[in-house]
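Worksheet for the structure shown next.
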Amino acid sequence: MKLKKLFAISAIAGVALLASCNNGGETTTKAPETTTETTTKAPDPTTTVATKVLSYDEYLAAEVGSEVTIEAYITGRTTWYNNAASFYLADDNGGYYVYNLPCTEEEYASLLVTKKLQVTGAKAEWKGEIEINCQTATENTGWLLYDDETCSYTRANVTSIAKDVLDDYKNRAVKALGLTVTKAPYTNFDDFTLEPKAGADVYFEVKDDAGNTATYVVEAYLENSQYDSDVYKAVCALKVGDRIDLEGFVYYWENPQLQVTGLTKVFSHDEYIAAAADEEVTIQAYITSRTTWYNNAASFYLADDNGGYYVYSLPCTEEEYNDLLVKGAFVEITGAKSEWKGEVEINGQTATENAGHVVLGATKTYEAILVNDIAKSTLDLYKNQLVKTKTLTVTKAPYTNHTDFTLEPKAGADVYVEVTDGTNTFLFVVEAYLEDSLFDSSTYKNVCNLHVGDTVVLEGFIYYWENPQMQITKCDTVA
C-alpha cells in the first residue's frame, strides 16, 4: 500500500452509514453500524508523529481548539485554490468537514473522493459548523493519504428537514425528498435578485410536507456545483411552487444548511403527461391499487390531486411490497415514461439512470370519481383513476375465452364483459392479478354471474387498450 504524507504547517508557525470499501485491493460491502476492516499497516513511527486517531464520538467530545486526528474517507471537496482545498469526509459513524487543508495542486489531484485520509489539526466551531481548521497551527498539523484504500458511502434519504432530523447527519451526504420551493433562487442578499456568475453562491428557500422551512445553497466552490455545472443551472431555474428532491452535504450556518450537489425535479401531472416517450420522469403520488407481487415486481395505480398514474412491473422485494408499497402510501417513483396501446405509464422494466422508488411516509386515500356516462371523451379525463359509473346494462355476457366467448373462471383468467350506458358501449375487464379483483374475490364472482340485460354499477380504474377499458374493482347489481 502506498502512503502519502504532508506536514503543511509546522508547530512553530450518529447514525450509521452504508459503505462499499476497497481495502488494499480487497473489496467488502458493509451494512450500517459496522466497523471498517483494513489490512493497512500503521504509518512508520520513524517518519510519522505518533498520535491517537479519534473515533467519531471522541472527535465530537473533544474541546474546541484542541488538536484532533481523524481517519475517514473523502466524500466531497471544494475546488483547489491558493494551495488549499476543503473536504467532506465520512466513516461508518459520521461525517467530518476539513477546512482549507494545505496541499499542492499535484497533491490535490490525488485527494480524490472515496480515498482514505488521515487529518490532524485544530477542532473548530463556526456558526454551528464543527470542523477541523487547518489554518490554525497545532503541533502535528498535517495529513496522510492511504492511497490504496477506498470507500464510498450511500447517501441517506430524509423526508424531513427539521433541525432535529438533520442534526443526525452533520457533514454527511443526504437526499432530502419531497420539498417545495418557497422562495426563488437569489445571489444578492440586499434585494434577493439572481445574478448567476462564477464564484456566486445561489440561495433559495424550501419547505417539507410538514411545513419545516430552510434556506439552502449551491456553493459555487464545491467541486460538483460550480457555476457551469448542471446543478447550478438547475437551481437557478427553480420557481416558487416547484416540487423537488435535493442532494447535498449537511453544513451548518447557525442551522443546518444543505450545500446542494444534486437536484431532481418532480413532475407535476401535466408535466408528466407532456413528457416525451422514453424520457426519465419522477413522480410523487399515492398508491390507489396494485397487482399481486410476482417475480420480484408488481404494478401499481397511483394518484395525486391532479390525476392518475400507472407504473408497470416496478421492481421490489416481497418485503417492500408487503410492508411499504401498500395502498395509501405516498411514494416517489423514477423511471421511463412509455405508452402502449394508448396506456400512458412508467415502465419499471426499462432501465434509466435514476430508476427506483422511495416511500415518503405520508398516507392518503382517494374515493371513486362519479362519471355520468362512459363516453370515450369522458373516460379520457380520468386515465388511471378510480371511477364509479351510473347504472349500466350488460350487452354481452362475461367471458374468458376470446375465441368462442365462453366463460371459464379460474385463477389468472381475466373476465371480460360488455356494457352500455344507452349511448356508449365498451368492453370492460376484471383483471385477475389486480389485488382488488382476484379470482376468489366478490368482484370476480359477481361479474362472472352477470347476464345480458342485467343492470349494474361498476367501479374501477380507467386503463387503456386502444380505448378506455375499465379494470373493474367493484360490481353491484341493480334490482
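Remarks
- When residue 230 is tested against (1) of a type in the set (D, E, K, R); (2) touching a strand residue (DSSP E or B) at 6+ places or on another chain (Cβ under 8 Å); (3) closer than 30 Å to residue 94 by Cβ, just one condition goes unmet, and that condition is (2).
- Residue in the range 397-415 that is of a type in the set (Phe, Trp, Tyr) and on the phi > 0 side of the Ramachandran plot present: yes
- Residue match in the range 315-336 (condition: among the hydroxyl-bearing types (Ser, Thr, Tyr) and outside any strand (DSSP E or B)): yes
- Enumeration of residues in the range 75-134 that are among the β-branched types (Val, Ile, Thr) and touching a Leu at 6+ places or on another chain (Cβ under 9 Å): 75, 78, 79, 98, 104, 119, 120, 130, 132
Per-residue answers, yes or no, for (1) at pLDDT below 95; (2) loosely packed, with under 15 Cβ neighbours inside 10 Å; (3) in contact with a helix residue (DSSP H, G or I) (Cβ under 9 Å, 6 or more places away or on another chain); (4) hydroxyl-bearing (Ser, Thr, Tyr):
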| residue | (1), (2), (3), (4) |
| --- | --- |
| 355 | yes, no, no, no |
| 358 | yes, no, no, no |
| 385 | no, no, no, no |
| 389 | no, no, no, yes |
| 394 | no, no, no, no |
| 404 | yes, yes, no, no |
| 407 | no, no, yes, no |
| 425 | no, yes, no, yes |
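- Condition check for residue 376: in the same structural domain as residue 458 (by TED's automatic domain parsing) and either within 30 Å of residue 423 (Cα to Cα) or surrounded by 19 or more Cβ atoms within 10 Å (Cβ to Cβ) (or both): yes
- Here the range 88-143 is the region considered, the condition is being among the β-branched types (Val, Ile, Thr), in a loop (DSSP other than H, G, I, E, B) and farther than 20 Å from residue 174 by Cα, and the residue that is farthest from the chain's Cα centre (by Cα) is 138.
- Near pairs, Cβ below 8 angstrom, 6+ apart or cross-chain, from the range 226-241 (within 19 Å of residue 78 (Cα to Cα)) to any residue that is assigned to a helix (DSSP H, G or I): 226/232; 231/224; 231/225; 232/225
- Residue within the range 401-416 that is among the hydroxyl-bearing types (Ser, Thr, Tyr), within 23 Å of residue 287 (Cβ to Cβ) and touching a Phe, Trp or Tyr at 6+ places or on another chain (Cβ under 8 Å) present: no
- All positions within the range 159-188 that are among the basic types (Lys, Arg) and in contact with a Pro (Cβ under 7 Å, 6 or more places away or on another chain): 163
- Restricting 214, 184 to residues that are within 18 Å of residue 252 (Cβ to Cβ) and part of a strand (DSSP E or B) narrows the list to 214.
- Within the range 364-400, the set of residues being under 15 Å from residue 460 (Cβ atoms), in a loop (DSSP other than H, G, I, E, B) and under 39 Å from the mean Cα position of the chain (by Cα) comprises 366, 367, 368, 374, 384, 385.
The values are calculated or read from the model by the stated rules, or taken from the named source; none is laboratory data. All of these numbers come straight from a predicted model, not from anything done at the bench. Note that each Cβ is placed from the backbone with ideal geometry, even for glycine, and that neighbours are counted across all protein chains shown.
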